[in-house]
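Written out below as structure tokens is the structure these notes cover.
The values are calculated or read from the model by the stated rules, or taken from the named source; none is laboratory data. These numbers were taken from a predicted model, which means no experiment stands behind them. Positions of Cβ are backbone-derived with ideal geometry, glycine not excepted, and every protein chain shown enters the neighbour counts.
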Amino acid sequence: MNEVINSGALNFASLLVSVVVLLVGLVLWFFVNRASSRTHEQIELLEAMLDQQKRQNALLRRLCEANEPEKEAPVEQAATKDNDDEFIRLVAER
């Protein structure tokens, strides 16, 4: 008689353990799935931001190229620098 009762208790205990493991697994799956979804959304937002930054950089390059001064100006500055050096050489030291 004890053997029949004990085997029923063991079946119930194994069923209870199985249900608890199943519930823990479902809870873990829920949190992992939720984290994965949030990560996917963040990746999409970062990719959109990267695309916008690339567009802004291209626009900024075009604006900078359009507003570039002419190439002749640095040559004139170099000539005035040489004249300034000669002037400094003529000044007497104290």
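From 63, 10, 26, grab the single residue that is at pLDDT 95 or above and either in a helix (DSSP H, G or I) or out of contact with any Cys (no Cβ under 7 Å at 6 or more places or on another chain) (or both). Exactly one of 63, 10, 26 is at pLDDT 95 or above and either in a helix (DSSP H, G or I) or out of contact with any Cys (no Cβ under 7 Å at 6 or more places or on another chain) (or both), namely 26. Would you call residue 35 modelled with pLDDT of 95 or more, surrounded by 10 or more Cβ atoms within 10 Å (Cβ to Cβ) and of a type in the set (Gly, Ala, Ser)? Here the answer is no, as residue 35 does not meet what is asked.
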